[in-house]
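The values are calculated or read from the model by the stated rules, or taken from the named source; none is laboratory data. The structure presented is a predicted model; accordingly, all values stated were derived computationally and were not measured. Heads up, the Cβs are rebuilt from the backbone with ideal geometry, glycines too, and the neighbour counts pull from every protein chain shown.
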Amino acid sequence: MTDQQKLPGQLTQVEASSTRASKIEPRILELTDLDGNYIEPDSVVTVSDFFIKGVATPARPADILDSRTPIAPVLVDATGHFTTELFNQSLGTHVYTVLDESGQESSPWVVTIAALDQLLIESIKGPDDQPIGNGSSTAHTDLRFIGKGVPGQVVELVDNGIVLRLLNVDNSGHWSAHLTGLKPGKHKFVARELNGKESAPWHVEIEKPALLSIQFGYGLGNYQPIKDGETTTQTAVVLIGTAKPNEFGRILSDAHEGVVFEANEYGVFITPIKDLLPGDSYMFICRSESEPDRHSEPWMIHVASEKLPQR
C-alpha cells in the first residue's frame, strides 16, 4: 500500500489534523438585549428578548438549553459562530447553556428577568383565610402575607419602619410570610429591597381584641340565671361569654372534662356544660385554641347537694 493509499474509513494525517482543529468547545460569548446592550452574567434585567452569541463546532447543529431543557436549535456557521434570538422569556431565573451534538455542554450564563415595579404586597389574610384589604381593619393578630419581588433576592417585611422578617424571593418571583402576635393599633406594612427600594404600603388597623370571658350562666332545666360564685341545683348549665368573632377554644374546669366553645360572628358563645355532680364546686376558664396564652378569668359555681329553697 503506497503512501497515497488508505483503507476505507481511515483519515490521512492532514485530514485528521483538520478534523481535530475544526471541533470547537461550545461556549456562550455574550448575551445582549435587542438594542445590543451587553448583559453581564448573573444580572437582573427587566427585558425578556435577547440575542445569544457563541461558538461551537463549525457547520454542525447545537441547542440552546435553559436549565438543561432545550429551548432553541442553532446552526453554527463555517467559522464556528452562531447568533440566536430568544423572545418572550418568562419572569424568573434562566440558566442558558449551549449543547453540541456530541453532548458537550458550555458553562452557564445566568440571568434573572424581573417585572418593572415588581416589588409589592399582593395580599394579606387572617387565620380564617379571609382577605384583609388595604386600609381595612381586623381583629386578627396573626396575618399571612404574599408578595412579589425580584427572583433570587432578599426582601425585608417592614411594619411602621421596623424590619420584622427577611424573606427569600423564589424563582417565580414570589415571597410569603406569617406574622403572629401583632399588637392592636395602626400598621403600615411595606416590602423593602436591601438597596432601600420600597413597595407601596399596605395599611391595616388591628382592633383591640374582645375580652375572652364567661359573663353568666343559666340552668339547662329551669333557665334560672346563675352569676359567678352562685349555687345552683342544676347538673347541666349553659355558659354565655364573649370572645373574638368566630374564635373557638375549650372551657376547662378543675373537676370536669373540657368542652369546646365557638363564638359566632358577633363574638358571643353559648355553650352547655353537662354531667355536673351535686355537692361539687366548679371553676371554669376559657382558653383560646389559636392563642393558647389567651384565657378568661375564672368563673365559679357550686352545685347544691339538695334542692334550694324557692327565691
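Okay, residues lined up against (1) within 39 Å of the chain's Cα centre (by Cα); (2) in the same structural domain as Thr138 (by TED's automatic domain parsing); (3) free of Cβ contacts under 8 Å to residues at least 60 places away in the same chain:
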site	(1), (2), (3)
Ala236	no, no, yes
Pro245	yes, no, no
Asn264	yes, no, yes
Ile273	no, no, yes
Pro278	no, no, yes
Glu291	yes, no, no
Among the listed residues Gly221, Gly217, Gly149, Gly173, identify the single one that is small (Gly, Ala, Ser) and at positive phi. Gly173
Scan of the range 234-274 for residues that are of a type in the set (A, V, I, L, M, F, W, C), outside any loop (DSSP other than H, G, I, E, B) and in contact with a Lys or Arg (Cβ under 9 Å, 6 or more places away or on another chain), ordered by number: Val237, Ile251, Leu252, Val259, Val260, Phe261
Ser296 - would you say it is assigned by TED's automatic domain parsing to the domain that holds Leu220 and modelled with pLDDT of 95 or more? yes
Scan the range 256-269 for residues that are closer than 19 Å to Leu211 by Cβ and surrounded by 13 or more Cβ atoms within 10 Å (Cβ to Cβ) and jot them down. Phe261, Glu262, Ala263, Gly267, Val268, Phe269
Hits in the range 133-168 (condition: closer than 30 Å to Asn264 by Cβ, touching a residue at least 40 places away in the same chain (Cβ under 8 Å) and not aromatic (Phe, Trp, Tyr)): Asn134, Gly135, Ser136, Ser137, Thr138, Ala139, His140, Thr141, Asp142, Leu143
Hits in the range 101-123 (condition: acidic (Asp, Glu) and at pLDDT 95 or above): Glu105
